[in-house]
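Read the structure below first, then the notes.
The values are calculated or read from the model by the stated rules, or taken from the named source; none is laboratory data. Computed from a predicted model, the values in this text were never measured in an experiment. Side chains included, ligands, DNA and RNA excluded: accessible areas come from the protein's heavy atoms. Shrake-Rupley method; radii C 1.70, N 1.55, O 1.52, S 1.80 Å.
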Amino acid sequence: MSFWRILSSTIAAFFGVQTEQNRQKDFQSQSPLPFIIMGIILAIGLVISLILIVNQVLS
């Protein structure tokens with residue numbers, strides 16, 4: 001699977017808009033590891049961006 005496919009699929013699942021068809025394709029992949037890693041990266045990115053936004057608003 002390509003990087004962009006994993007990224008778009010993980011973002012869609014992250015926000016709860018993943019289609020059933022795409023979810024089935026994702027579960028047919030060899031390993032869930034790329035999706036897990038991408039999910040962790042997105043979660044960290046979300047937390048960091050929220051911290052930066054709050055700091056910007058408060059200053």
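With respect to the conditions (1) open to solvent by less than 100 Å² (accessible area, probe 1.4 Å); (2) under 11 Å from the mean Cα position of the chain (by Cα), F15 falls short on a single one, namely (1).
Elements of the type helices (runs of 4 or more DSSP H) sitting completely within the chain and holding at least 3 residues that are basic (K, R) and at negative phi: there are none.
Across region 18-42, what is the number of residues that are among the aromatic types (F, W, Y) and either over 11 Å from the mean Cα position of the chain (by Cα) or open to solvent by 60 Å² or more (accessible area, probe 1.4 Å) (or both)? Before you say what the answer is, go through the steps one by one.
Here is the first cut: in region 18-42, the residues among the aromatic types (F, W, Y) are 27, 35.
Filter again for either over 11 Å from the mean Cα position of the chain (by Cα) or open to solvent by 60 Å² or more (accessible area, probe 1.4 Å) (or both), leaving 27.
The number of residues fulfilling the criteria is 1.
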